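Right, one structure below, let's go through it.
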């Protein structure tokens, strides 16, 4: 499970780097492909927020119950909620732009900056604080139990997999060309 979460973080980092590049171009007055930005945010909403983060919540609750306490990692939960709100706000702005409704470039630049920063800070918190704590306490047999608890939320990554799914096809092609 932990390896899967770290693998997800690697993929999310790739997408955050694309968003950073788009932000830089936008700030420099260059044209960007808004569809790619929208697809990244949509991926984050459909996969990270509806599979990745809920898995982390289940594992966190397991961890705290193993220590004999209620789920007290409020920072993890709060950050997941804030990331969901930030992606919704960014998606709303992108949908306005893609519907040819005038939105200030500064607003989009600000939203992108905030979103990327928030995502990177969150992953750093998990990788340096949360995941090591889980690694110390949760045993191999516990991980099997956690995996069973997470089965409902375990979905295949709709972007970084070997399937022939047309979902995120434009973004997949963009990433393939960018390498």
Could you tell me whether residue 144 is farther than 24 Å from residue 74 by Cβ and touching a helix residue (DSSP H, G or I) at 6+ places or on another chain (Cβ under 7 Å)? no
Pairs, please: C-beta under 8 Å, at least 6 apart or cross-chain, first residue farther than 20 Å from residue 42 by Cα and in the range 19-30, second modelled with pLDDT under 95 and not in a loop (DSSP other than H, G, I, E, B)? 27/109
Considering every residue within the range 142-158, establish whether at least one is closer than 20 Å to residue 17 by Cα and either under 13 Å from the mean Cα position of the chain (by Cα) or part of a helix (DSSP H, G or I) (or both). yes
Checking the conditions here, which among 99, 89, 104 is modelled with pLDDT under 95 and under 19 Å from residue 47 (Cα atoms)? 89
Where in the range 1-116 are the helices (runs of 4 or more DSSP H), entirely inside, with at least 3 residues that are within 15 Å of the chain's Cα centre (by Cα) and under 30 Å from residue 141 (Cβ atoms)? 2-27, 53-66, 74-98
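The values are calculated or read from the model by the stated rules, or taken from the named source; none is laboratory data. Source: prediction; values computed, not measured. A quick note on method: Cβ atoms are made from the backbone with ideal geometry, for glycine too, and the neighbour counts reach across all protein chains shown.
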